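J.: Handing you a structure now.
The values are calculated or read from the model by the stated rules, or taken from the named source; none is laboratory data. Owing to the predicted nature of the structure, the values given are computational and were not obtained by experimental measurement. Note: ideal-geometry Cβ built from the backbone for every residue, glycine included; neighbour counts use all protein chains shown.
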Amino acid sequence: MARVVHAIQCIVCPIGCGGEVTVEDGTVTTLTGFTCNKGLAYAAKEVVSPKRMVTTTVRVSGGGLPLLPVVSVAPVPKDRIFDCLNLLRGVSVMAPIAEGEIVVADALGLGVDFRAARDISVVQ
């Protein structure tokens, strides 16, 4: 039975509680030191399946700017972030683009869309 204790600093709120998460055979068994339920939930997920929001840019043709900022609509598994960035590196969109428009749907089959983070109009 593998038992590992992880020290985690919570980032959910400004208090920034620190605590420990004990994992035995891939399952969280104890959480100590966190002062709220949000911290407990964050810490449990962070040690078993860490995820992050991803923001980057993609190329734009025919627009007032050469790059369009895009953001994931949900967190991406941490071990797949660079795969998503490699996918987005090859994406190019045509202006006009509206903020919120889906640029890449279901990236890499993860169920996460990437959306435009701003409007870009056509250059006349």
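J.: Within the stretch 24-79, restricting attention to residues that are touching a helix residue (DSSP H, G or I) at 6+ places or on another chain (Cβ under 6 Å) and of a type outside the set (D, E, K, R), which residue is surrounded by the fewest Cβ atoms within 10 Å (Cβ to Cβ)?
T.: Pro50
J.: If you don't mind, another one. From the list Gly64, Gly90, Gly100, exactly one residue is at pLDDT below 95 and not aromatic (Phe, Trp, Tyr). Which is it? Break it down into steps so the answer makes sense when it comes.
T.: Details: Gly90 fails: at pLDDT below 95; Gly100 fails: at pLDDT below 95.
Result of the check over Gly64, Gly90, Gly100: Gly64.
J.: Identify all residues within the stretch 102-124 that are in contact with a Gly (Cβ under 6 Å, 6 or more places away or on another chain) and of a type in the set (Lys, Arg); write none if there are none. So that I can check it myself, show each step before the final result.
T.: Taking the stretch 102-124 first, the residues in contact with a Gly (Cβ under 6 Å, 6 or more places away or on another chain) are 115, 120-123.
Scanning the stretch 102-124 gives a single hit, Arg115.
J.: Next question, about the same structure. I'm trying to understand the selection: among the residues of the stretch 85-124, which are of a type in the set (Asp, Glu) and in contact (Cβ under 8 Å) with a residue 40 or more places away in the chain?
T.: Step one: filter the stretch 85-124 for residues of a type in the set (Asp, Glu), giving 99, 101, 106, 113, 119.
Scanning the stretch 85-124 gives a single hit, Asp113.
J.: Could I ask something else about it? With hydrophobic (A, V, I, L, M, F, W, C), without any contact (Cβ under 8 Å) to a residue 40 or more places away in the chain and in a strand (DSSP E or B) as the only criterion, which of Val71, Val28, Val58 stands out?
T.: Only one candidate qualifies: Val28.
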